[in-house]
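See structure below.
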Amino acid sequence: MNSRGQWRTQSGFILAALGAAIGLGNIWRFSYVIGDSGGAAFLLVYFLAIILVGLPLLLVELSIGRTTQREAASAFHYTGRSVVWQQAGILGVIVSFVILTYYSVIAGWALKFFVAFATGIYPLKAGGASIYFFEFLSGPVEPVLWQACVMAATAVVVIRGIEKGIERANKSLMPILAVIVVALAVHSLTLPNAYRGLLFLFAPNWEILAQPRVYLAALGQAFFSLGLAMGVLVTYGSYLPNNFRLPVAGSIIVVGDTLFAIVAAVIIFPAVFSFGMSPDQGPSLAFVTLPEIFTRMTAGSIVGAAFFGLLVVAAITSSVALLEIPVAYAIERWAMPRGRATFLIGGTAFLLGVPSSLGFGPLSAVRIAGMPILDAVDFIASSILAPLSGLAIVLFAGWHWREADAFEAVGFQRSWLAQLWRISICYVAPAVVIIIFLRSLSVI
């Protein structure tokens, strides 16, 4: 057995990788991006982006991790033939850590709403959702307490290691996640006028495709939905034994992640259209629009508790992955015991996340480039650091890694499929990442 720990089973690895990928982005972000981008036409572009960019990149990250049996930063240092490429992986570790600081804040919001609906303390009255949310955000203590709860739960899983912690937790949580998401989707389909939401999702308005923003939104969502460029898949791949077939496992992860996001959208949009709401509500969709809908529907407290329970479970499985990346780096780089690394890094991430947690309340006057603290940190991580990390990875894989070594690491024979993968990594993926980066900076 590898002293670093290994996945016991291929199903355990796939569930853990799905847990890392399926998070708030699949339920909250995916749905509001669809709403802002016109529905079904966006989905078609998104599917194409997943096939051309998402899967090839996912296979690159997993194969680098498995080949080197090292976490993200050390994997590139080991594989790279020059000093520049040896440092390519450190960006992914930084991205994971920075995202963790505010991801736990948003997950704390979901936990707060879950408890409020589950205990019946949420005010089930029309028009009160917006007031309830912003009163909560403006508090000086409560947002930080819920953030702390999420970080503590995350640390409890990570501190137990790969087999007994991350794999075991995902084997328990992911089936629960699947049951909740399917049950809520079935419930949404029973609502009056649910078909209008399904038409929005699955009947394309081809005129939307004339808008460049739809393509950019789809590319960006495809890139980030799978947790690419954050060091997660490299590190998770490093816990893989050599007998696991990466192309098969990678395809299952991509399909599972995409299906989950679509089913989550089936929960949301039939409800939105049934109660006369607009689908283009942006980030407030989950915490204002949907709670308002829950207050108006029969058994709304039960549905609300199930929905936010879904958010919480998805957030925990993803935050576990985000914490594992810097913890694995500390263990490998400084030979730090897992317990100490988890405590120090988790505690530091929590403290650095407190300004984001209070950025809509006591620290609301603080602006960074005109943005609230959380939005500014998210912009730095998601719009600057992550694309740079992604660009480093694809250039490394496409132009620095020897072709024969790459094919062997991924498990491809020299076939048309292998060549298609190579073309995507060398040309398509770099172009996409550059476009996403320039778009995020409002250059295009």
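The values are calculated or read from the model by the stated rules, or taken from the named source; none is laboratory data. Please read all numbers here as calculations on a predicted model, not as lab measurements. All Cβ positions, glycine included, derive from the backbone under ideal geometry; neighbour counts span all protein chains shown.
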Name the residue, out of Val354, Val377, that is more than 19 Å from Val232 (Cα to Cα), of a type in the set (A, V, I, L, M), under 17 Å from the mean Cα position of the chain (by Cα) and part of a helix (DSSP H, G or I).
Val377
Is it the case that Glu135 is acidic (Asp, Glu), within 24 Å of Val232 (Cβ to Cβ), modelled with pLDDT of 90 or more and part of a helix (DSSP H, G or I)?
no
Taking the stretch 401-432, which residues are surrounded by 13 or more Cβ atoms within 10 Å (Cβ to Cβ) and not in a helix (DSSP H, G or I)?
Trp401, Gly411, Phe412
Looking for something touching a helix residue (DSSP H, G or I) at 6+ places or on another chain (Cβ under 8 Å) and either under 17 Å from Ser63 (Cβ atoms) or assigned to a helix (DSSP H, G or I) (or both) - is there at least one such residue anywhere in the stretch 364-372?
no
Restricting the stretch 52-97 to residues that are β-branched (Val, Ile, Thr) and either modelled with pLDDT under 90 or on the phi > 0 side of the Ramachandran plot (or both), the one farthest from the chain's Cα centre (by Cα) turns out to be Val83
Scan the stretch 207-249 for residues that are touching a Lys or Arg at 6+ places or on another chain (Cβ under 6 Å), surrounded by fewer than 23 Cβ atoms within 10 Å (Cβ to Cβ) and modelled with pLDDT of 85 or more and jot them down.
Leu240
Selection from the stretch 145-166 of residues that are surrounded by fewer than 18 Cβ atoms within 10 Å (Cβ to Cβ) and assigned to a helix (DSSP H, G or I):
Leu145, Ala148, Cys149, Ala152, Val156, Glu163, Lys164
Is it fair to say Ser225 is of a type in the set (S, T, N, Q), within 20 Å of the chain's Cα centre (by Cα) and over 25 Å from Ser440 (Cβ atoms)?
no
Taking the condition in contact with a helix residue (DSSP H, G or I) (Cβ under 9 Å, 6 or more places away or on another chain), under 20 Å from Ala72 (Cβ atoms) and touching a residue at least 60 places away in the same chain (Cβ under 8 Å), does Leu177 pass?
no
Those residues of the stretch 387-400 which are among the hydrophobic types (A, V, I, L, M, F, W, C) and either surrounded by fewer than 19 Cβ atoms within 10 Å (Cβ to Cβ) or more than 28 Å from Asn242 (Cβ to Cβ) (or both), in sequence order
Leu388, Leu391, Leu395, Trp399
Restricting attention to the stretch 128-168, the residues that are among the acidic types (Asp, Glu) and more than 26 Å from Arg8 (Cα to Cα) number exactly 2
